[in-house]
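Below: one structure, written as structure tokens.
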Amino acid sequence: MKIYLATGNLNKKRELSEILEDHQIVIPKDEGIHFNPEETGTDFYENSLIKAKALYQIVKQPVIADDSGICVSALNGNPGIYSARYAGPLFPQGKPDKSKITQEEQNRFLIQELNDELKNHPEKTSLYTKENGFFNGPRSAHYTCAMVLYLGNGRVYVVQETMEGTLIENIEEARGNGGFGYDPIFYLPDLGKTAAELSSDEKNAISHRGKAMGALLKMTDDVLKL
């Protein structure tokens with residue numbers, strides 16, 4: 001079955017194509033569709049719904065959209081929905097001119113920002129407990145993915161999942177050639193690997209996006225035969 005995915009991110013297309021290997025995943029640029037909706041939501045769900053509705057208005061067919069990002073617990077969940085635009089502590093929500101820095105620069109900035117926070121506020125260490133959402137100690141971080149299936153006429157299904165881990169302590173520890181985004185600096189203590197070191201099958205089984213897609217498929221099994 002042909003499924004529209006509301007993104008221009010080829011890495012997201014690749015990951016969902018691996019999960020939904022029996023189906024044709026199509027993104028707007030595959031069909032020459034100009035698609036660049038302004039993501040004005042205040043959380044992952046709102047942004048995913050904005051993208052889903054925008055593409056549905058063009059194709060008039062069921063659309064899957066997701067919004068995802070990395071959330072660092074000691075940084076109050078930042079960069080969160082601004083992960084793609086994050087440009088360091090001076091521009092946590094992106095630069096005013098909307099220019100972007102490289103992913104390596106984003107990785108360096110985020111590690112340094114966390115290191116500075118932990119160094120400058122040691123008194124907060126006692127608060128970094130599982131009860132307070134710090135599942136892996138002071139360097140706790142997680143990926144979040146909100147995924148939407150939009151069927152038009154107000155019919156929408158949404159799931160949100162996470163993948164828990166930590167940030168590495170310095171950029172020299174970054175490793176792995178798989179994945180994308182912040183994966184080389186996102187460490188999974190239970191596996192002893194960064195997300196970028198996982199095989200596609202390993203990552204899809206435990207990732208925020210893989211779990212969200214699995215939950216969405218179960219939820220819509222009787223509604224839309226994907």
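Would you be able to tell me the number of residues in region 95-133 that are among the small types (Gly, Ala, Ser) and within 19 Å of GLY80 (Cα to Cα)? Matching residues across region 95-133 total 2.
Each row is one residue, and each column tells you yes or no for (1) out of contact with any helix residue (DSSP H, G or I) (no Cβ under 7 Å at 6 or more places or on another chain); (2) farther than 23 Å from SER200 by Cα; (3) aliphatic (A, V, I, L, M).
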site: LYS12; (1), (2), (3): yes, no, no
site: ILE19; (1), (2), (3): no, no, yes
site: GLY32; (1), (2), (3): yes, yes, no
site: GLU38; (1), (2), (3): yes, yes, no
site: GLY41; (1), (2), (3): no, yes, no
site: LEU49; (1), (2), (3): yes, yes, yes
site: TYR86; (1), (2), (3): no, yes, no
site: PHE91; (1), (2), (3): yes, yes, no
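Scan region 36-50 and tell me whether some residue there is at pLDDT below 95, within 27 Å of ALA195 (Cα to Cα), open to solvent by 10 Å² or more (accessible area, probe 1.4 Å) and of a type outside the set (Ser, Thr, Tyr). Checked against the condition, which is being at pLDDT below 95, within 27 Å of ALA195 (Cα to Cα), open to solvent by 10 Å² or more (accessible area, probe 1.4 Å) and of a type outside the set (Ser, Thr, Tyr), region 36-50 yields at least one hit. Residues of region 7-57 that are of a type in the set (A, V, I, L, M, F, W, C), part of a loop (DSSP other than H, G, I, E, B) and in contact (Cβ under 8 Å) with a residue 60 or more places away in the chain: LEU20 alone. Here MET147 fulfils each of the conditions (1) touching a residue at least 40 places away in the same chain (Cβ under 8 Å); (2) touching a Lys or Arg at 6+ places or on another chain (Cβ under 6 Å); (3) among the hydrophobic types (A, V, I, L, M, F, W, C) apart from (2). Candidates in region 3-30 are the residues that are charged (D, E, K, R) and open to solvent by less than 80 Å² (accessible area, probe 1.4 Å); of these, the one that is farthest from GLY214 (Cα to Cα) is ASP30.
For region 54-109, the set of residues classified as open to solvent by 30 Å² or more (accessible area, probe 1.4 Å) and hydroxyl-bearing (Ser, Thr, Tyr) consists of TYR56, TYR82, SER99, THR102, listed by residue number. Just one residue in the set LYS130, LYS100, LYS119, LYS95 is closer than 26 Å to ALA215 by Cβ and of a type in the set (Lys, Arg); that residue is LYS130. Residues in region 190-226 that are over 30 Å from VAL156 (Cβ atoms) and open to solvent by 30 Å² or more (accessible area, probe 1.4 Å): ASP190, LEU191, GLY192, LYS193, GLU197, SER199, GLU202.
The values are calculated or read from the model by the stated rules, or taken from the named source; none is laboratory data. Here the structure is a predicted model, which is why all the values come from computation and not from measurement. Here Cβ is always computed from backbone atoms with ideal geometry, including for glycine, and neighbour counts include all displayed protein chains. Ligands, DNA and RNA are excluded from the accessible area calculation, which covers all protein heavy atoms including side chains. Shrake-Rupley method; radii C 1.70, N 1.55, O 1.52, S 1.80 Å.
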